[in-house]
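Worksheet: one structure, shown below.
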C-alpha cells in the first residue's frame, strides 16, 4: 500500500503516478475522501466514548433525579457509541478497499508510456555470427533429447514439458551455480514453499492486476506462487527486523506456476513461456533510504550471472505502464535469442519501496528505536527454463553440439561441450 502521509501531503504526485501508469487518477480522490471519512468517524467515536466514560464515573456519586438523568444519558450514549463504532468499521473497510486499489507510486526516473516505451540503458556482450540456418532452442534440444514438450502436453496439458537427460542436468547445474553465486555474495539460501495463504499473495500485490495469472487451490484456500518473491516477502510478515548491520538478503528456490492468461498464441513452441518452471529469486529487506542502492546491487548480480553464462544481453528501464502494481521501478535483463533475432527477458529486478512491507506489517527500528516500515526489493537470478532455452540457442555450434560456459562446467562434470545424443 502507498503511504497515506504522502497521499495527504502531495496527492498530485500520486495522481501523476496514476496517469503515468495509465491508471485512473480518480482513485486518488476516492481514497482521500475515504481517509477523511475515517478520520471523522474515529474522532466522533472517540469523543462519544470519552463522554460515556465521564458519565460512567459520575453515576456512582449521583442520587435521585440526577442519577436517573445520568442513566438515561448513558443509555442514549451507548446507542450512539454503537452507531459510531459501526460507522468507523465501515469507514475502515472503505479505506482498506480504496487503499489497495492504488498501485505503488512510480519513481520519478521511470520512463512514461507502455510496453513499447521502455528504455535500453546498457548493452553487454557481443552477438556472434551463426551458420545458417540458426536452430531455435527446441531444434537444439531435440538433437540432445533434452526437452520433451509432446509428453509434457500428454501428461499435463499445453505449456508443460519434461526436462530429460542433459536438459535435467542443465537445470540442476544452473540452480547450483545461481545458489552458489548468491551465497558467495552474502545472500542466505532458502528453499521456499510453492503454496501460500491468501494473506501472502495479497500482501505482495499479486491478487490485483495479476489475479488472472494465479493458480488457486480452492479446497485448501491456498495459492500456487508465480515466484518465490511471495513466500520470501511474507517470511518476515508482522515482524520487526534488525537492519542495523545492513539489508537482510535471501536467495529463494521454488517451482513457479503461472496461468499465462492473455498469452494465447504467444511463444507456443518450446519452453520460453510455460505454466510451470523453477527459479532462483533474490529478495532484500532494507531501510527505505537504502533501497535505490540495493536495487542497483541486485541488478549488478543479475548482470554478473548472465555474463558468467556468456550470454549477450541488454538492460531495460521498464516504462510506467508496464510496471507491476507493487513496483516503483523495474529493470529487465533481456538476452539475445539468435533464432528470433531479438532480445527477450530473462531476469528482472524491482524496487517496491515500502509498498509490500506496509501490507505485510514488516518494520525495523530506526536510530531512535522507533519502528518504521521497511523497503523490499526482488530480483530474478535464474529463471531456469528460459535460461536453458537461451543457452542452447546462443551456444549452439554448426554440428549441433553446445558450448558450455566456463563457469557452468564444474556443475556439468567438467564438460566443455555438450554433444548431441
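The values are calculated or read from the model by the stated rules, or taken from the named source; none is laboratory data. All values derive from a computational prediction rather than experimental measurement. Quick reminder, even Gly has a Cβ in these numbers, built from the backbone with ideal geometry, and neighbours come from all protein chains shown.
Of the conditions (1) within 21 Å of the chain's Cα centre (by Cα); (2) farther than 30 Å from residue 7 by Cβ, residue 115 fails just one. Which one is it?
(2)
Quick check: is even one residue across region 262-271 touching a residue at least 24 places away in the same chain (Cβ under 8 Å), over 22 Å from residue 337 (Cβ atoms) and touching a strand residue (DSSP E or B) at 6+ places or on another chain (Cβ under 8 Å)? First the steps, then the outcome.
To start, the set of residues in region 262-271 that are touching a residue at least 24 places away in the same chain (Cβ under 8 Å) comprises 262, 268-271.
Still in the list and also over 22 Å from residue 337 (Cβ atoms): none.
No, because not a single residue in region 262-271 is touching a residue at least 24 places away in the same chain (Cβ under 8 Å), over 22 Å from residue 337 (Cβ atoms) and touching a strand residue (DSSP E or B) at 6+ places or on another chain (Cβ under 8 Å).
State whether one or more residues within region 385-396 are assigned to a loop (DSSP other than H, G, I, E, B), in contact (Cβ under 8 Å) with a residue 60 or more places away in the chain, touching a helix residue (DSSP H, G or I) at 6+ places or on another chain (Cβ under 8 Å) and closer than 30 Å to residue 170 by Cβ.
Of region 385-396, the ones assigned to a loop (DSSP other than H, G, I, E, B) are 395.
Narrowing further to those that are in contact (Cβ under 8 Å) with a residue 60 or more places away in the chain: 395.
Keeping just the survivors that are touching a helix residue (DSSP H, G or I) at 6+ places or on another chain (Cβ under 8 Å) gives none.
No, there is no match, as no residue in region 385-396 is assigned to a loop (DSSP other than H, G, I, E, B), in contact (Cβ under 8 Å) with a residue 60 or more places away in the chain, touching a helix residue (DSSP H, G or I) at 6+ places or on another chain (Cβ under 8 Å) and closer than 30 Å to residue 170 by Cβ.
Are there any pairs with C-beta distances below 8 angstrom linking a residue in region 51-75 that is outside any helix (DSSP H, G or I) to a residue that is surrounded by 12 or more Cβ atoms within 10 Å (Cβ to Cβ), with the two at least 6 apart or on different chains, and if so which?
So the pair list comes out as 62/70.
Identify the single condition in (1) buried (at least 19 other Cβ atoms within 10 Å of the Cβ); (2) more than 30 Å from residue 126 (Cβ to Cβ) that residue 333 does not satisfy, given that it satisfies every other one.
Every condition holds for residue 333 apart from (2).
Of (1) surrounded by 13 or more Cβ atoms within 10 Å (Cβ to Cβ); (2) at pLDDT 95 or above, residue 80 satisfies all except one. Which?
Only one criterion is unmet by residue 80, namely (2).
With the requirement that a residue be touching a strand residue (DSSP E or B) at 6+ places or on another chain (Cβ under 6 Å) and surrounded by 18 or more Cβ atoms within 10 Å (Cβ to Cβ), what does region 196-224 give you? Even if it seems obvious, please write down each step before you answer.
Looking only at region 196-224, we keep the residues that are touching a strand residue (DSSP E or B) at 6+ places or on another chain (Cβ under 6 Å), and these are 196, 201, 214-216, 222-224.
Scanning region 196-224 gives 196, 201, 214, 222, 223, 224.
Would you mind finding the one in 74, 101 that is at pLDDT below 95, surrounded by 12 or more Cβ atoms within 10 Å (Cβ to Cβ), out of contact with any strand residue (DSSP E or B) (no Cβ under 7 Å at 6 or more places or on another chain) and more than 30 Å from residue 350 (Cβ to Cβ)? First the steps, then the outcome.
Working: 101 fails: more than 30 Å from residue 350 (Cβ to Cβ).
Answer to the selection: 74.
From the list 125, 186, 167, which residue is surrounded by fewer than 14 Cβ atoms within 10 Å (Cβ to Cβ) and in contact (Cβ under 8 Å) with a residue 40 or more places away in the chain?
Values: 125 fails: surrounded by fewer than 14 Cβ atoms within 10 Å (Cβ to Cβ); 167 fails: surrounded by fewer than 14 Cβ atoms within 10 Å (Cβ to Cβ).
Residue meeting the stated conditions: 186.
Which of the numbered conditions does residue 279 fail, given that it passes all the others? Conditions: (1) surrounded by 14 or more Cβ atoms within 10 Å (Cβ to Cβ); (2) assigned to a helix (DSSP H, G or I).
In the conditions (1) surrounded by 14 or more Cβ atoms within 10 Å (Cβ to Cβ); (2) assigned to a helix (DSSP H, G or I), residue 279 misses (2) alone.
Return the pairs, sorted by first residue and then second, in which the second residue is assigned to a strand (DSSP E or B) and surrounded by 22 or more Cβ atoms within 10 Å (Cβ to Cβ), the first residue lies in region 331-348 and is without any contact (Cβ under 8 Å) to a residue 40 or more places away in the chain and outside the structural domain of residue 378 (by TED's automatic domain parsing), the beta carbons are less than 8 Å apart, and the residues are 6+ apart or on different chains.
Within 8 Å, no pair qualifies.
State whether the residues of region 290-300 include one that is outside any helix (DSSP H, G or I), surrounded by fewer than 23 Cβ atoms within 10 Å (Cβ to Cβ), assigned by TED's automatic domain parsing to the domain that holds residue 363 and at negative phi. Break it down stepwise before answering.
Initial filter on region 290-300 (outside any helix (DSSP H, G or I)): none.
The answer is no, given that none of the residues of region 290-300 is outside any helix (DSSP H, G or I), surrounded by fewer than 23 Cβ atoms within 10 Å (Cβ to Cβ), assigned by TED's automatic domain parsing to the domain that holds residue 363 and at negative phi.
Taking region 333-384 as the search range and keeping residues that are part of a helix (DSSP H, G or I) and touching a strand residue (DSSP E or B) at 6+ places or on another chain (Cβ under 7 Å), which one is nearest to residue 302 (Cα to Cα)?
In the first step, residues of region 333-384 are kept if they are part of a helix (DSSP H, G or I); the result is 355-360, 384.
Filter again for touching a strand residue (DSSP E or B) at 6+ places or on another chain (Cβ under 7 Å), leaving 356-358, 384.
Details: 356: 22, 357: 23, 358: 27, 384: 13 Å.
Selected residue: 384.
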